[in-house]
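See structure below.
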Amino acid sequence: MRIAVGQMDLLVGNVDENLIRIRDILEKAEKADVDVLVLPELCNSGYAFKNISEAISSAEPIPEGPVSRGLLTWSGGGRLVVAGICERTPEGLYNSAMAVANGEHIATYHKIHLFLNEKEWFLPGQEVPPVIDYKGYQFGLMVCFDWAFPEVTRVLTLNGAQVILHPANLVLPYCQDAMITRSIENRVFTATANRVGTERGLAFSGASQITDVKGNRIAKMNTKETGLVWADIEPSLADDKSITERNDVLADRRPSLYRRLTQDD
Ligand code: ACM
């Protein structure tokens, strides 16, 4: 299975221009014959809104909005696409990861850990991040700052994810390395699609990557380029959770000793 991450620069508040840039990535992904494509967080809208009006006017309903519809149509060629979307709903805006496959809307995840000014524009998600089935393999969804909460990748793994798809607009310098650890401790593949460029003083760190179940970077981009990288993976390798001949990263857990983790305060 060929999995790709698209690294992009975007223009905040300019959906028409962002759609042109997304189409360019789709063309490259089509040429590379990818099965699974991940695009950055908020790829329809950009990130650093100047006010709530700009956030609202850049947002779209899923899957009816212009970017969602374009991705839905493109996925009809037998592909899975997971993209970060600034989503407008009747209750308010969400920072969402939309999954579309084979021309159908499969799932939307509302980001649960909001970063910096996201707390001004977006409602926090209230649902467990989803695991979706595509071609008999299991894909978990998370968005950007969820990386800082290892509970997210762990719960996705416990719910069966073999590959974690991760739209991002990374600002802090830690995530790409942290995702190596997330791969190792859960024995899963991860695919992080990040932004480059600067918006209103906020610089995005690029270095999009794909990791294997042992935390090796099997595809990576630099901190400036735009475009696509991909890797051919066998997701079922993630079903083997052994880390030594006598240790298994799931079976060896001691959840009764970690109950503190599930208390709200
Ligand atoms: C982030 O969550 N966009 C850093």
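For this structure, a couple of remarks:
- Screening Asn102 against (1) more than 10 Å from the ligand (Cβ to nearest atom); (2) in contact (Cβ under 8 Å) with a residue 12 or more places away in the chain; (3) at negative phi leaves a single unmet condition, (3).
- Among the residues of the stretch 173-195, those identified as outside any helix (DSSP H, G or I) and at pLDDT 95 or above are Tyr174, Arg187, Val188, Phe189, Thr190, Ala191, Thr192, Ala193, Asn194, Arg195.
- Restricting the stretch 40-73 to residues that are farther than 17 Å from Arg21 by Cα and part of a helix (DSSP H, G or I), the residue that is nearest to the ligand (Cβ to nearest atom): Ala55
- Here Glu41 meets the list (1) open to solvent by 10 Å² or more (accessible area, probe 1.4 Å); (2) within 21 Å of Leu141 (Cβ to Cβ) almost entirely, failing just condition (1).
- Restricting attention to the stretch 173-196, the residues that are surrounded by 17 or more Cβ atoms within 10 Å (Cβ to Cβ) and within 14 Å of the ligand (Cβ to nearest atom) total 8.
- Taking the criterion of being touching a Phe, Trp or Tyr at 6+ places or on another chain (Cβ under 7 Å) and either open to solvent by 10 Å² or more (accessible area, probe 1.4 Å) or in a helix (DSSP H, G or I) (or both), the only residue of the stretch 74-92 that qualifies is Glu87.
- The residues in the stretch 1-39 that are of a type in the set (Asp, Glu), free of Cβ contacts under 8 Å to residues at least 60 places away in the same chain and in a loop (DSSP other than H, G, I, E, B) can be counted, and the count is 1.
The values are calculated or read from the model by the stated rules, or taken from the named source; none is laboratory data. Just so it is clear, the model here is predicted, and its values are computed rather than measured. Because the Cβ atoms are built from the backbone with ideal geometry, glycine has one as well, and the counts that use them run over all protein chains shown. Just so you know, the surface numbers come from the protein's heavy atoms only, side chains and all, with ligands and any DNA or RNA stripped out. Shrake-Rupley method; radii C 1.70, N 1.55, O 1.52, S 1.80 Å.
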